[in-house]
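Accompanying notes for the structure given below.
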Amino acid sequence: PHAYLTPGLGLAGGNLERDLMTVKRLAAHFGTDAGLVDAWLANSRYRRDWVLRMLHAEVLSTVRDPLIALWGLAYKPGTNSMKHAPALALLETLRPVSIRTYDPQVDLTGRIGFPHVTPAPSALEACRGADALAVMTPWPEFREVRLAQVQEFMRGRTILDPFGVLDRGRCEDLGMNYFQLGTSIPTRRG
């Protein structure tokens, strides 16, 4: 929990992925094996799609006309860039599922191509009536949101927190089904 590097939703931001693609092209040009690079890229895609797989398993396959709350659109905290952001890939994949988003620095208002997405003025408002909450960018301010209020605002009980931003024990005490990337599957509630 105190490591400098933390697990995430794969490569984002574009620079490292671009460099890995360059290494693959060079390897092909010079007849060198790029299997390790291929494995890194495949693992990155697998991690990026974790939230989508969990949403299908927990909500999309069972709830009619679901609403998904999504916290964080930027590819990392401290920026407003969405370049190669896992949240952007999720928004594109989940058409026409209704999604309500909140990000402290990214505003989707008026952006063409996302008619199924409604920006919310706060993290809590993004949760109003939601069947699931997905934390896509580990903004520090999300740690400060009162989880009891999140539970009150949500219709469903599913929280997908790949980065471990929220307090798992508190979520579970409130009766939420909390999922974190790389951890065990919780006992189902309600």
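The values are calculated or read from the model by the stated rules, or taken from the named source; none is laboratory data. Small disclaimer: the values here were computed from a predicted structure and weren't measured. Because the Cβ atoms are built from the backbone with ideal geometry, glycine has one as well, and the counts that use them run over all protein chains shown. Calculation scope for accessible area: heavy atoms of the full protein, side chains included, ligands and nucleic acids excluded. Shrake-Rupley method; radii C 1.70, N 1.55, O 1.52, S 1.80 Å.
Quick grid of which residues meet (1) closer than 20 Å to Leu52 by Cα; (2) of a type in the set (A, V, I, L, M, F, W, C):
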{"site": "His116", "(1), (2)": "yes, no"}
{"site": "Pro119", "(1), (2)": "yes, no"}
{"site": "Pro140", "(1), (2)": "no, no"}
{"site": "Leu181", "(1), (2)": "yes, yes"}
request  = Could you tell me which numbered condition Lys76 fails, if it satisfies all but one of (1) in contact (Cβ under 8 Å) with a residue 60 or more places away in the chain; (2) charged (D, E, K, R); (3) assigned to a helix (DSSP H, G or I)?
outcome  = (3)
request  = May I ask you to list the residues in the range 159-175 that are outside any loop (DSSP other than H, G, I, E, B) and surrounded by fewer than 22 Cβ atoms within 10 Å (Cβ to Cβ)?
outcome  = Arg168, Gly169, Arg170, Glu172, Asp173
query = Somewhere in the range 51-67, is a residue crowded, with 16+ Cβ neighbours inside 10 Å, at pLDDT below 90 and more than 20 Å from Arg143 (Cα to Cα)?
reply = no
task = Give the range 17-33 a look and list any residue that's among the hydroxyl-bearing types (Ser, Thr, Tyr) and open to solvent by less than 70 Å² (accessible area, probe 1.4 Å), or say none.
result = Thr22
message = Filter the range 100-116 down to the residues that are hydrophobic (A, V, I, L, M, F, W, C) and either part of a helix (DSSP H, G or I) or under 23 Å from Leu181 (Cβ atoms) (or both) and list them by number.
response = Val106
note = Counting only residues that are assigned to a loop (DSSP other than H, G, I, E, B) and under 12 Å from the mean Cα position of the chain (by Cα), the range 79-93 contains a total of 1
ask   = Which residue pairs have Cβ atoms under 8 Å apart, sit 6 or more places apart or on different chains, and have a first residue in the range 93-105 that is under 12 Å from Ala69 (Cβ atoms) and a second that is polar (S, T, N, Q) and part of a strand (DSSP E or B)?
value = Ser98/Thr118; Ile99/Thr118; Arg100/Thr118; Thr101/Thr118
request  = Return the residue satisfying two criteria in turn: it lies in the range 85-115 and is at pLDDT 85 or above and of a type in the set (Ser, Thr, Tyr), and of such residues it is nearest to Asn15 (Cα to Cα).
outcome  = Thr93
query = Looking at (1) more than 15 Å from the chain's Cα centre (by Cα); (2) β-branched (Val, Ile, Thr); (3) loosely packed, with under 13 Cβ neighbours inside 10 Å, can you tell me which one Thr118 breaks?
reply = (3)
ask   = Out of curiosity, is Asp49 touching a strand residue (DSSP E or B) at 6+ places or on another chain (Cβ under 7 Å), farther than 17 Å from Ile159 by Cβ and not polar (S, T, N, Q)?
value = no
task = Please find, among Ala148, Ala130, the residue that is part of a helix (DSSP H, G or I), modelled with pLDDT of 95 or more and open to solvent by less than 30 Å² (accessible area, probe 1.4 Å).
result = Ala148
